[in-house]
Structure formats: structure tokens, C-alpha cells
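Heads up, the thing below is written out as C-alpha cells.
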Amino acid sequence: MNSFIYHLGILLVFPPLLLGVIGKTKAFFAGRWGPPLLQGYYDIFKLGRKQPVYSVTTNWIFRMGPMISTAAILAAGIVLPISGLKAPVQFGGDMILFVYLLALSRFFMVLAALDTGSSFEGMGASREATFACLSEITIFLNLAILALLSKSLSLSGIFLGGLSSSWGQVGPVLILVVVSFFLVLLCENSRIPVDDPETHLELTMIHEVMVLDHSAAELALIVYGQALKLFLFGCLIVSMIFSFKIRNIAAEAAFFTSGFFGLGIAIGIVESAMARLRLNRVLYVLYAAFIFSIFAFIVILVRGHA
Amino acid sequence: MTLILYCLLILAVSIPLMLALARFKKISAHVYLGSLVVACALGLFSASGVLSRGIAPVDFRLAGTIPLGEFYIGMDALSAFFLLLFFILSLAAGIYGYGYMRDYKGGRNLPAHFSLCHLLMIVIILVVVAKNAVLFLAAWELMTLASYFLITFYNEHERVRKAGYVFLIATHTGTFCLLGMFLLMGVHAGSMDFDRMAMAPFPLGMAAGIFVLAFLGFGVKAGFIPLHVWLPHAHPEAPTHVSALLSGVVIKIGIYGLIRIMSIVKDFPLWCGIVLLATGIVSGVAGVLYALGQHEIKKLLAYHSIENIGIITLGLGIGMIGRYYHQDTVSYIGYAAALLHTFNHAVFKGLLFLSAGTVIRSTHTGEMDHMGGLLKWLPWTGHLFLIGSLSICGLPLFNGFISEWLVFRSLLEGVFHLDMCGIIFSTAAIVALGLIGGLAALCFAKAFGTVFLGHNRSEHEHHHNMEGDFVLVAPVAMLAALCLWVGLFPQEMVSYAFQGVKSMEGAAVPVVFRQAILGPLLSVTKVLFAGIAIFLFFALLRRIFLGACRVTWTETWGCGHAYTSSKMQYTASSFARPVLKIFRSVVLFRIKSEIPKRYFPAAGQLNSGVKDISEYFVFRPVFYAVKKVSRGLKWIQGGRTQSYILYILFLLVVLLIWKLR
């Protein structure tokens, strides 16, 4: 029970910080001072206190969708280890539950968008669901590769020690997987070059347009859910990179935090250096991610590591 | 066993009773309902008894009843598992059918229709419990005929007659393969009894031959791509409760047949497993892609049946591969996954078809692009359809997730325990299953979103609301409850599936494997309940935040457009377009449009759709060729009885010479 509370506590508190790091990095590259590091928290609280506006077309799905969606992402976080902290629930095959809970979250966001009957939101929903199909297969292939390398079927088994010897043996494979996961992270969390999280307008016709009609507490939950999803994908990448064991909680936490700041800065650099891609080019990002992970798979097979 | 016999007896007696009372429509319908409920209750009791105790009852045998064969039936756990799903779905679809047909005003003979429903039930039960190949084939053939007459209920429409015709030809071609297969097995084993066949060792070469014939024969029924061409025609044209039975049970009988053969022959070459796995991948991915291209709701559901058959086949395929490598973990979990998904698919597909039927009856159309916003108008049906959608997409909380998780688990075990070839194929299957999951979610977001959410797209008023009818809602709600029950407390059904595997393999499933599955499933339940608790926490939080606020209700924001119309919404076709464009070369996705030009635009139009490759490029050319050849041979079948008798005489003479030689 205690581990449940610690874990959920971390997941509830830290994610918006990552948004702040990205924002600061982007501001640095733009030569600005930028919003404070805690801007994500301010936004969420500000939105939470606003008056809601609902469309008369909508049903309960519109109002409950963000809640179900964010709850599903948080539940997915339960099976993911954070830093050296074991996941409160772990079992062989929990990686599938992880991916499917994220899918559940997306499904309800898509339905909430369709519930408004707006063509803009329908458009966003359609695109979000389409890109998700392609990023999901990459996630599955990557997870299968990691399972093969670490001889473990659970996320905790993979990230808490299962990979520790792999960096020495098949380092290039892991680099390919990390790159592939990073591309998926950009796409799943609607970052530039796939989507622009800065605006809710029609210019960014994927994720952000899907939440066009949400307001107040629901929008706050959506913003938090976004940050949480980014945090979870970040966890995957950071714990892959720091997969060696130190057996010192303080040192591990320090490594992990610095890894996270690094990730935030990396995303910020990508966002500053690139423009948003045209919609039909977004697919190439996803194809690239999938091909990277196929290469990784082939290398493992050839190395006979299995 | 006696219970099943009573159940058969009740069904058999009620058929002539219903026909005799045909003039009193109400009484005859009540006879139908009563006999259905009693028979299903008996059947459910008997099947679940076998599954929970794990002991098969004594076989029943009437010697010498059929030439070469006999009336020999028995119920092991495998049969009981299929009977369980059959009775659950028959009960729901039967009650629904009673309500659905109640205000039918056409000229067809309803008691005859209900009698055919009962006949279909009898022969399906016989197929599942038959322990003799001749009895199996006879019941199989009757099943085809009964389904044919049920499909062609609305035979005043030409496309219904055509669909029935395609169904008849396809399944008869399949039966032809089965005849050959059983002859091969019977001659080798020296008996047509399944028990005796199971004792005979089959050499690998013969096993391969049997596999090919079984794959073709049962695959046609099950709807493996590319043998599926009849399915998307036949399922949508039948009355809804029949569609539910066809998609939920009849195609599963194809799977049952395949599993039965696998339990008799046991050892197959490696490529057989690979063929099954590859078929699973192709059927799953192509099935859901074709479904995405459909505009008609029942046709969409029919293609989804193909997708789910693909998932079941993935489980069977990895199980067979695991068996070849003697990796029991892989094979046991794979088979259990296939069985459980068979059950789950029957439940949620029945649920979806029946609720789609209510929608179609209420709106008098099946075109999704003409619907919209029905959740407010048909709240029960809408929410039940939502539960069905969540289940079929394999999303957590509902039963689809449990069986898809099992398939994933068996594939991951395959990645661990098999050699290079096995790893490649199981990884490919993992990726394919991931893709299937994503596409299915997209497809049902499309179906539920366009039908039940947003504004209504058609101008004319709805005809009548069918929802007030209790018998149309209650059976569907029962199926939905079952989806949720299996999704949250899967232990019972998983152990039933393991009982089925036990009778398939002939050996008890080791406790280790059971624990390897049941333990994680308990953890899944834990996470899901934690998720529900988190949701409630968020709901509370929202209540607190919103407590003091004034809520404003207004129109959906139209980005500055003052007068938005319901026609401006995203339609089902536009929702599916991006993904179909990606896969356009696989599913032959084409858009034809006539864009209005000039200053005073004339009417424009836009057409989008997918074309079934196997239908247009495989079966059509083949059947045209067959037609051409048979035209040439027409003179043999001149229609004169005398010449037919002459043929018989010739044949007898030839046989006599052959025998005397």
C-alpha cells in the first residue's frame, strides 16, 4: 500500500515540472527569459478555477472523457517503475496492460472529441487515432526487443536490472531503441515536429484541436494528463539509459532527475530547432521510428543474443 | 449427457408443435420462446457442470443408426466450452429475435422461421457433441442448409438471394474438403469414431494432408482471409438475431472443427503452425482494414468477425508452433487464449449485432453516415453498444482485453522459448496484434462516434423508437454484463478455457502454467480497480472545483462560423480516410469525386470505398472460369431421367469390371 502511495504521489506531483523545463529551454533558444519553471502547475490551477462551458450537443462522454482518460494514464503509471522505485504492481505481461491503458485513454479522448459534433475535433480525433496505430506497433516491437534482451516479461524486470549487462553487449541496439522511443514520444505527446502544443487553433490539427471545446477543470485534467503521459514515456527512455544498478537511492534519484532534465532539454532543443512538419510528413517520423526498431530487432537476431 | 439429450428433445418436439400452431401466431411464438429458454437453461447447466467439475459424462451411443457411422455423442470439456458460449448467445439472440420479429408485417411464415432457428440450434449442438465423423458431417451439412434458409429470410431482395447463393457455394466447397479429410482419417484409423482416430498415430505427411483439407474446409466456415468472401455478404443480409448467431456461433464452429482435428491428430509439421499464424496475421489486419472502409454498420461488424477470427487463429497458430518445439508454456497458453477469445468474441459480437439491429430498426437505415447523435435518443442501446465497442477493441475493464492479453502473453512466451524462426514469427504476430488493436479502436471510435455522438445527420424524422421493448434490451444487457464480469473477474472463464485445453491435449494443464496466467490476471484486476478509484477521485475533484461555478451551456464552438449544420460534421468515411490512405494499396481504397465548379455550382458527389482483393481478384476470375467450363459440359446434364439412369448403368458396369478384374 505504501509503495502505491509513493508511486502515485510522484506521478501526481512531478510531471508538470517537465513542461517547465521544456519551456525554459525553448525560451533560452529564443533569447527570452521565459515562463517560470513551475508554469505548468500555475496553468493547471488557473484552469481548475475557471467556469466551464459545455456544448448542448454533448453527452456525459464529453465531461467524463478527460477524467477516464487521465485516470487510465495514471493507472498505466502504476505498472511502470520510476527511477530505482519498483512499480507497486508488476507481473509478466504488464507491458501490454501499460500500452492498452494508454489506448483506453486515447479512445475516450477521441470519443469526447466526436461528442461535440464539431468538424475540427472530428478531424483531430481521426488523425490522433491514425498516428496512434503506427506508434503503437513501434512501442510493441520495442518492448518485445527489450523483453528479449532482459529475459523478463514485466516492465519492472526490464528496467530494474534486466538491461544492466546489455549496454556492454549490444549497445547499438539499445541506442536504436532509445531513438525510436524518442520519436514515438514526440508523436504521442504531440510535440514539434509532429504537432504544436503551444496553440489550440486549427493550425495544429492533431491532438490540440481534439480538445478545442474542453474548458475549466476538464481542460486542467487534460493538461495534467498530457504532462503525465510525457513523464511516463520519459521514464521509459531515462530508465533505459540509466539501466545500471548503483544500489544507492540518493545517487539513483540524482541520476534519474538529471536524466529527466536532460530529456526535457533535448525535447526543448528539438522544438526550437525544427518547424512543425506537414501532415503527410508526420508519417515518415513514425515510419522512421518503426524502421529503427526493426533494425534493432535484426541486430539482436544476427548477434544470436536470444 | 442426459440433460443435453433432453435439450435436443425439447427443441425437436417444439418444431412440429410450432408448425402445427402456425395459424395462431402468438401461441406459436410463445412456444418458441418457452422451448428456447428451457433448452438453453438445461444446456447451460450441463455445459458449465462439465467445465467446473472437469469430468466428462458418459457418452451416449445408438449403434448402427447411420450407414457407416452411428449416433454417437459425448461431451468433453472442449465441447462443453463451445456449448457454453453457444447457449449463452442462443439465449440472448433467441429472445431478441422473438421481440424483433414480433411486429413483422411481411408475408413470410414466422413459425417456419423460428423452427429453422431451432433446427439450427439442434444441428449445432450435434456438431459440437458428435463423436463420429459421419454424424458430424451430416449435422454439418444440415447446419449449412438451416443457415442458408435463415440468411435468405428477406428473399424478395436480389442481393439477399445472391448472398445466400454465395454462402451455399462457399460452404459446400468447404464440406467437400471435409469429406475428403474424414475419409483420409477414417481409412487410416479404421474407424469413423473420433476416439479411435485419436488413438491411431498419424505420420507427419498424412497430418500435413489432413491439415490442408481441414484448413480449407473449416477455414471457409470460419472466414479466414482469403476464404472469407461469403461472410461480408451473408451476415449483413440476415435478420439481426440470425446475424448475431452466424457471427457469434456458426463461424466459431469452423474454429471448433479445426481444434477438434488438432486434438485428434496432435502432431503436425512446423509449417502448419506457421501457416495458421500467418493466416491469423493476414485475417486480423486485413479484416479490420476492410471494416474501416465500410459505411454500413452490419457489414462493418461482419468484417470485424474476420478480424477476431484472425486473433483466435493467432492463438491457435502459436500454440501449434509451441507444440512442435515441445514448449508447453507456449502451446497451452496459446490454445487457452484462442478458446477464451472465441468465447469473448461470441459475447461481444452478439452484443454489437443486437444493438446495431435496434438502431437499424429504429432509424430504418444501416448507413452510418445518415445517423448521428443517437445516444440521446436510444440511451440503452447506445451505452450497450459502447460496452461492446470497448470490449471488441480489447480495452481494459472488459473481456476483450483478457483474451488479447493471453494471446500477447503466449506470443511473448514464444519470443522467449522458441528458436530463431519462432522468434521472428512471434514478434511479427506481436506487432500485428498491436496494429489490429490500434485499428480496431479507430474503427469503433468511428462507428460509435458517427452513430451515437454529435448531431443527427439525416433531415427526416426517426420512425419509431424500439427501445421501450424489454425483450430487445434485456438480452443485450445480459451480454454486456457478461463482458464486464469476464473483464474484471476473469479467473472463472480462464480456468474453463484451461479445461478445454486439457481435453484438447489429453493431459492436465500443469499448475505452474495456471499460476503463470491467473496470478498476473489478479494483478490486472488490481490495477484496474486502482484505475477506477483514481477516476472516482478525479470525479470528486471536479465536483469540488466546479461546485461553486456557474456552468454555461451553449453551442459547440464553430471557430467563428455562425450557422454550423449537422452536415459539416466529420463522417464515418472522413474519419477513416487518413488511415485508409496509408494502407490504400492493401485494401484498394479509392475516392471518386465530382467537385462542383463555376460560380453557380451544380450538384457534386463523392464516393469512397474499399474493394475486397480476394473477392475481385481471386474468386471472381476463378468462378467465371468454372462457369465457362461447366457451360461446356452442360450436355452431360440434359435433364432427361432416362440418360441419368444410363449413366448409373455405365458406372455399375465399370465397377463390376473393376471388381472382377
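Peptide B:428-439 shows a mean partner chain C-beta count of 6 within 10 Å per residue C-beta.
Structure remark: mean-square fluctuation, Gaussian network model of chain A, C-alpha springs under 10 Å; the largest value among A:Y224, A:Y42, A:Y287 belongs to A:Y42. Note on the range B:519-594 and the range A:250-306: Cα centroid distance 27 Å, given to the nearest whole angstrom. When every alpha-carbon pair in the range A:1-72 is counted, what percent end up more than 18 Å apart? Roughly 61 percent, once rounded to a whole number. Taken along the Cα-to-beta-carbon direction at a fixed 7 Å, the label points for B:V618 and A:L301 span 2.4 nm. From its DSSP helices (H runs of at least four residues, each -39,500 (n - 2.57)), chain A gives a residue-normalised ellipticity at 222 nm of -24000 deg cm²/dmol.
Can you figure out the FRET efficiency of B:A602 with B:F489, using R₀ = 56 Å and their beta-carbon distance, to the nearest 0.05? Please report the intermediate quantities before stating the final value.
Working: r = 60 Å, r/R0 = 1.08.
The computed FRET efficiency comes out at 0.40.
Across the range A:2-303, C-alpha contacts under 8 Å between residues 6 or more apart give a mean separation that, scaled by the residue count, equals a relative contact order of 28 percent. Here the relative contact order of chain B, from alpha carbon pairs under 8 Å that lie six or more residues apart, stands at 12 percent.
For A:K229, a cut-off of 12 angstrom between C-alpha atoms picks up these aspartates and glutamates, skipping any fewer than 8 places away in its own chain: A:E188. Amide H contacts of B:F71: B:L62, B:G64, B:T65, B:I66, each under 5 Å away and 5 or more positions distant or on a separate chain (H built 1.01 Å from N in the peptide plane; Pro and chain starts excluded). With the simple model of a label 7 Å out from the Cα in the direction of the Cβ, B:A474 to B:Q637 spans 4.8 nm.
Computed from backbone phi with θ = phi - 60° and the Karplus coefficients 6.51, -1.76 and 1.60, the 3J(HN,Hα) list for the range B:538-546 is 4, 4, 5, 4, 5, 4, 5, 5, 7 Hz; x is used for glycine and proline.
By its C-alpha gyration tensor, with a ≥ b ≥ c as the square roots of the eigenvalues, how is the range B:124-183 shaped: rounded for a/c under 1.5, else prolate for a/b larger than b/c, else oblate?
Numbers: a/c = 5.01, a/b = 1.92, b/c = 2.60.
Oblate, because a/c is 1.5 or more while a/b does not exceed b/c.
Basic side chains Lys and Arg get +1 at the Cβ, acidic Asp and Glu get -1 at the Cβ, and with that the dipole of the range A:2-303 about its Cα centre reaches some 660 debye. Computed across the protein assembly as shown, the Kirkwood hydrodynamic radius from all distinct Cα-Cα pairs reaches 29.5 Å.
In whole percent, what relative contact order does the range A:126-241 give with Cα contacts below 8 Å and a gap of six or more residues? Working shown, then result.
Values: 79 pairs, mean separation 28.2, N = 116.
It rounds to 24 percent for the range A:126-241.
Helix B:270-292 and the longest principal axis of the C-alpha atoms of chain B enclose an angle of approximately 40°.
Averaged over the residues of B:520-532, the number of partner chain Cβ atoms lying within 10 Å of the residue Cβ comes to 6. In whole percents, the pair-distance distribution calculated for the range B:81-207 from its alpha-carbon pairs, binned every 10 Å from zero, is 11, 32, 31, 16, 7, 1.
Given the -39500 (n - 2.57) contribution per DSSP H run of 4+ residues, what per-residue ellipticity at 222 nm results for chain B, rounded to the nearest 500 deg cm²/dmol? Don't skip to the end; give the middle numbers.
On the way: 25 runs with 472 residues, N = 661.
For chain B, the value works out to -24500 deg cm²/dmol.
On a 0 to 90 degree scale, rounded to 10, what angle separates helix A:2-13 from the longest Cα axis of chain A? Once rounded, one gets 50 degrees. Rg and Dmax, both from the Cα atoms of the range B:613-660 and both in Å, are 17.2, 52.
Among B:629-637, B:23-31, A:59-67, the peptide with the highest mean count of other Cβ atoms within 10 Å heads the list, and the full ranking is A:59-67, B:23-31, B:629-637. Reducing the range B:367-410 and the range A:174-197 to their Cα centroids gives an inter-centroid distance of 29 Å. Projecting the alpha carbon convex hull of chain B along each direction and taking the average yields 36.4 nm². Across peptide A:208-219, the average count of Cβ atoms from other chains found within 10 Å of a residue's Cβ is 2.
Over chain A, all Cα pairs binned in 20 Å intervals from 0 give whole-percent P(r) values of 33, 60, 7, 0, listed from short to long. Pairs spanning more than 24 Å between alpha-carbon atoms, out of B:K611/B:K634; A:K46/B:K376; B:K221/B:K349; B:K26/B:K221; B:K349/B:K592: B:K611/B:K634; A:K46/B:K376; B:K26/B:K221; B:K349/B:K592. Relative to the longest principal axis of the Cα atoms of chain A, helix A:15-30 runs at roughly 80 degrees.
Each value in this text was obtained by applying a stated rule to the coordinates, not by laboratory testing. Since this is a predicted model, take the numbers as computed values, not measurements. Virtual Cβ from ideal backbone geometry, glycine too; neighbours counted across all protein chains shown.
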